[in-house]
Amino acid sequence: MSIKTYTLDEPQFPQNPRLYLDIPYAIKNGHILNLHIIEPATPTASNPHFPLIMFTPSKDFSHTNLEMFFSPLMQLARYGFVIALVETRYLPNTHFPEQTKDINTATRYMLNHAYQYHIDPYRYFSWGLNSGAYSSLLAAWTAHIQKFNDEDVHTQSLRFKGCISFNPLIDLTPEPESKKLQTALLKYFDTTNLAEFNLLNYVGKKELPNNLIFQVEAAASHKTDYSKKFVNYLEKSTDLSSIYTMLAANELNDGFFTPYTIDIIVNFLKDNL
């Protein structure tokens, strides 16, 4: 029996994103906080600089398994984005607004290492899921306010280009169906008066970065006076914000990461560079 032999002339330049795991960006309250960084393929003959996305998936302000997000985010990185998955402090060892502070600290770390990871330090976005979306929105909207930063906002200022939110906690006041979420909210905000922590309490007259929001059907159908006020505020304070309702998605499946939603996200990012 003969052996068939072949010759392949395949391209030798880098084609696949690089993944850097467990990169420590800070130590807070005795805990090492890590980043997992996805870098697009970088041609050796050039030195490109890519926009940065800070992605914070946190469910109920608790520890969240990040493994399910690597595959879709590596697909997104192929469009030319550096993506950093952010580990933040989580319950029961954190309180408001520490998760937002961690996002800002992680963002500054990435910008300080822009050359190492081929980042354009002037183009960066926040992106979060559930409670991580709440904290990411707050980070993007209030990065100039010292209360939400551990670093000096005057010497290390931040200005996010935009924010993406997967099922954000917009109105904290209705009693949620999930008792686990209700317990988490009371612990994180350390109060029973949750209304004072609604997002619009922390924005002034300053123009906001644009927002892309994906919400599940239940959130879309349960409109409160506050959620309507939130939408009206986005219309007045941003140039280009959009809200999509996902009929079958939740935070624990891939409904937020379909090819079509990835296209929507990429278009939003490119429109706001």
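Key figures for this structure:
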quantity	calculated
Which numbered condition Ser62 fails, given (1) closer than 18 Å to Ser126 by Cα; (2) of a type in the set (Ser, Thr, Tyr); (3) within 16 Å of the chain's Cα centre (by Cα)	(1)
Segment 22-42, subset assigned to a strand (DSSP E or B) and out of contact with any Leu (no Cβ under 9 Å at 6 or more places or on another chain), residue surrounded by the most Cβ atoms within 10 Å (Cβ to Cβ)	Leu33
Qualifying residue in segment 120-129 (condition: assigned to a loop (DSSP other than H, G, I, E, B) and either surrounded by fewer than 24 Cβ atoms within 10 Å (Cβ to Cβ) or without any contact (Cβ under 8 Å) to a residue 12 or more places away in the chain (or both))	no
Some residue of segment 109-132 being closer than 22 Å to Asn29 by Cβ and β-branched (Val, Ile, Thr)	no
Helices (runs of 4 or more DSSP H) wholly inside segment 179-267 containing at least 3 residues that are more than 18 Å from the chain's Cα centre (by Cα), of a type outside the set (A, V, I, L, M, F, W, C) and modelled with pLDDT under 80	225-237
Residue within segment 6-13 that is surrounded by fewer than 21 Cβ atoms within 10 Å (Cβ to Cβ) and in contact (Cβ under 8 Å) with a residue 40 or more places away in the chain present	no
Considering residues of segment 43-68 that are surrounded by 17 or more Cβ atoms within 10 Å (Cβ to Cβ) and out of contact with any strand residue (DSSP E or B) (no Cβ under 6 Å at 6 or more places or on another chain) only, the residue farthest from Phe189 (Cα to Cα)	Ser58
Segment 130-174, subset assigned to a strand (DSSP E or B) and over 18 Å from Arg108 (Cα atoms), residue modelled with the highest pLDDT	Ile164
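The values are calculated or read from the model by the stated rules, or taken from the named source; none is laboratory data. From a predicted model like this one, the values you see are computed outputs, not experimental measurements. No Cβ is skipped: glycine too gets one built from the backbone with ideal geometry, and neighbour counts run over all protein chains shown.
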